[in-house]
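The values are calculated or read from the model by the stated rules, or taken from the named source; none is laboratory data. In this text the structure is predicted, and so the values were computed from the model without any measurement. No Cβ is skipped: glycine too gets one built from the backbone with ideal geometry, and neighbour counts run over all protein chains shown. Only protein heavy atoms, including side chains, enter the accessible area calculation; ligands, DNA and RNA are left aside. Shrake-Rupley method; radii C 1.70, N 1.55, O 1.52, S 1.80 Å.
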Amino acid sequence: MSASKSTNAPAARGRNFFFAPGPTNIPDRVLHAMSRATVDFLGDEFLALQARTTEGVRRVLKTKGTVLFYAANGHGAWEASLANAFEPGEKVLVLESGYFSQGWADMARDLGLVVEVIPADWRTGVPLDAVEKRLAADTKGEIKAVLVTHNETATGLTYPIPGVRKALDKTNHRGLLLIDTISSLASIDVRMDEWGVDIVVGGSQKGLMAVTGMSFTGLSDKAIAKSRTIKPRKSYWNWEAMLATKPQRFPGTTPVHMFFAIDEGVRMLEEEGLDAVYRRHTRFARATRAAIAAWGDNAKSGTRISAKGFEGKVSSLELLCADQSRASDSVSAIILPDGIDGNAFRKHAFNAYNIDLGGGLGPLAGRVFRIGHMGDLNEPMLLGALATVELAFSTFGVPHKANGVSAAIASLKDQSA
């Protein structure tokens with residue numbers, strides 16, 4: 001379907017409403033923290049900043065383990081985790097959740113690892129009993145790790161990591177547990193040590209509210225010990241070289257201003273209080289889901305989604321995540337009715353109203369749009385975005401019930417009582 005009304009040029013008035021699920025809005029405080037002359041990355045001022053930032057990220061991860069930073073986006077931290085901890089030919093088990101779980105699995109294959117994927121409907125994820133069953137069957141210990149995308153940015157689905165840890169423990173499995181927290185950290189509670197996670201992958205550009213370009217890994221002693229048993233086959237990503245100095249030395253020039261940004265982002269999080277940050281994200285996610293349910297009149301099509309695409313018809317707007325217990329508190333993916341071009345709808349929303357929404361990835365392209373509700377966000381921003389989405393539905397011709405914003409307001413009101 002094409003737009004009934006649309007404009008051809010982006011709106012120049014007002015401030016852009018950025019509601020894609022990452023990168024997120026960068027607070028003025030973070031921008032100002034970076035707006036300064038550079039400093040010597042070997043000087044005392046910066047070394048103190050680096051140590052302070054490392055401790056701050058460690059607190060957000062809730063770990064006493066090692067944290068290593070990379071001048072790279074999250075894919076760099078993905079690769080560092082795989083290249084340092086595993087030999088070519090070793091097997092890893094990936095829990096399917098969507099586009100990014102696929103990407104991590106593909107990278108592992110590219111690095112010569114044997115990858116086994118537990119397939120799943122992208123709307124629900126892998127049941128925990130299926131994880132336990134597969135681990136119990138691995139009597140020879142061929143599986144060296146379980147890889148989980150904690151919060152799948154493409155589908156708005158969150159895995160219960162304590163449940164995955166329980167499956168490993170119950171089966172006495174010795175494999176490492178790796179989780180990708182790029183779209184969950186600082187938006188959804190992450191407890192690295194309590195959950196028994198060996199490697200956590202994180203990034204700067206979402207819940208930490210900084211610019212894109214810095215990623216990191218939280219490492220358990222078990223992960224570091226495993227890395228020391230394999231033949232080195234990396235240079236830039238080499239943990240051993242990074243661990244040789246305190247604080248960590250970068251291969252080449254240190255990205256100084258990224259540390260200023262992350263340090264300020266962590267300061268803002270801790271001023272609000274991490275528990276309060278998580279409660280705020282839960283409130284906003286529930287309000288967003290209330291709007292989506294109202295727009296689609298609580299539609300439940302029963303459609304399944306896999307890497308091969310959609311199975312079934314969709315006649316009304318609905319939340320992609322069909323398991324409410326796994327619905328993300330940082331991003332919501334919305335399935336559009338059959339015949340509606342999701343990319344054209346997003347372009348219309350941007351051109352007409354200066355709002356950025358996330359698109360569908362992989363088999364979701366053109367069928368889904370995404371609303372990011374994470375990071376530096378308050379009630380007026382969220383309600384403004386939801387109201388603008390509802391307006392864009394009307395002017396583009398997306399079938400919907402016109403009471404989503406009222407439902408969101410009611411949700412926020414109920415949660416404030």
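Give the residue from P88, T66, V117 lying farthest towards the positive end of the charge dipole for the range 45-124; charges sit on Cβ (+1 for Lys and Arg, -1 for Asp and Glu) and the dipole is referred to the Cα centre.
In the range 45-124, that residue is T66.
What size of dipole, in debye to the nearest 20, comes out for the range 82-219 about its Cα centre when the only charges are +1 on Lys and Arg C-beta atoms and -1 on Asp and Glu C-beta atoms?
Values: 13 positive and 18 negative charges, 30 e Å.
The dipole magnitude comes to about 140 debye.
Compactness ratio of the range 260-417: Cα Rg over 2.2 N^0.38 Å, N = residue count?
Working: Rg = 16.1 Å, N = 158, 2.2 N^0.38 = 15.1 Å.
For the range 260-417, the normalised Cα radius of gyration is 1.07.
Hey, what's the per residue convex hull volume over the C-alpha atoms of the range 227-321, in cubic angstrom? Write down the numbers at each step before the final one.
On the way: hull volume 22.3 nm³, N = 95.
That works out to 235 Å³ per residue.
For the chain, build the charge dipole from Cβ charges (+1 Lys, Arg; -1 Asp, Glu) around the Cα centre, then report which of S97, G358, G203 sits farthest towards its positive end.
Highest projection toward the positive end goes to S97.
Taking the chain as the reference, fit the longest principal axis to its C-alpha atoms, fit the long axis of helix 161-170 to the helix C-alpha atoms, and give the angle between the two in degrees, 0 to 90, nearest 10.
Rounded to the nearest ten degrees, it is 50.
State log₁₀ I(q)/I(0) for the range 1-146 at q = 0.19 Å⁻¹ as given by the Debye formula over alpha-carbon point scatterers of equal weight, solvent excluded.
-1.25
Could you tell me which of rounded, prolate or oblate describes the range 108-165, using a ≥ b ≥ c as the square roots of the eigenvalues of the alpha-carbon gyration tensor, with rounded for a/c under 1.5 and, failing that, prolate when a/b is larger than b/c and oblate otherwise?
Details: a/c = 2.05, a/b = 1.28, b/c = 1.60.
Oblate.
Just to be sure I understand: of the beta bridges DSSP finds with both ends in the chain, what percent are antiparallel, rounded to 5? Please list the in-between numbers first.
On the way: 25 of 45 bridges.
Here the share of antiparallel DSSP bridges comes out near 55 percent.
By accessible area of protein heavy atoms, probe 1.4 Å, what ranking do H32, H373, H257 get, highest first?
On the way: H32 130, H373 0, H257 50 Å².
Correct descending sequence by accessible area is H32, H257, H373.
In what sequence, largest accessible area first, do V331, V211 appear using a 1.4 Å probe?
Ranking V331, V211 by accessible area, largest first, yields V211, V331.
In the range 292-381, how does Rg compare with the Kirkwood Rh, expressed as the Rg/Rh ratio over alpha carbon atoms?
On the way: Rg = 13.3 Å, Rh = 13.9 Å.
In the range 292-381, Rg relative to Rh is 0.96.
Can you give the angle from 0 to 90° between the axis of helix 379-396 and the longest principal axis of the chain, with both taken from C-alpha atoms, to the nearest 10?
50 degrees
Rank T181, T139 by accessible area, highest first, at a 1.4 Å probe radius?
On the way: T181 0, T139 120 Å².
Accessible-area ranking of T181, T139, largest first: T139, T181.
Which semi-axis lengths, in whole Å and largest first, follow from the square roots of five times the eigenvalues of the Cα gyration tensor of the chain?
One finds semi-axes of 35, 27, 18 Å for the chain.
I need the Kirkwood Rh of the range 148-268: take the reciprocal of the average 1/r across all distinct C-alpha pairs and report it in angstrom. Present the calculation step by step, with values, prior to reporting the outcome.
Values: mean 1/r = 0.0626 Å⁻¹.
Hydrodynamic radius (Kirkwood, Cα only) of the range 148-268 equals 16.0 Å.
Report, in degrees rounded to the nearest 10, the 0 to 90 angle that the Cα long axis of helix 99-110 makes with the longest principal axis of the chain.
It is inclined by approximately 30 degrees.
If you wrap a convex hull around the C-alpha atoms of the range 24-91 and split its volume per residue, what is the figure in Å³?
On the way: hull volume 10.4 nm³, N = 68.
Dividing the Cα hull volume of the range 24-91 by its residues yields 152 Å³.
How large is the dipole of the chain about the Cα centre if only Lys and Arg carry +1 and Asp and Glu carry -1, each at its Cβ, rounded to the nearest 20 debye? The partial results should precede the final answer.
Numbers: 48 positive and 44 negative charges, 66 e Å.
Computed about the Cα centre, the dipole is about 320 debye.
If you place +1 on the Cβ of every Lys and Arg, -1 on the Cβ of every Asp and Glu, and leave all else neutral, what size is the dipole of the range 250-312 about its Cα centre, to the nearest 20 Debye?
Details: 9 positive and 8 negative charges, 103 e Å.
Charge dipole, the range 250-312, about its Cα centre: 500 debye, nearest 20.
Compute, for S235, the solvent-accessible surface of its heavy atoms (probe 1.4 Å) with the complete set of protein chains present, and express it in square angstrom to the nearest 10.
Rounded to the nearest 10, that gives 100 Å².
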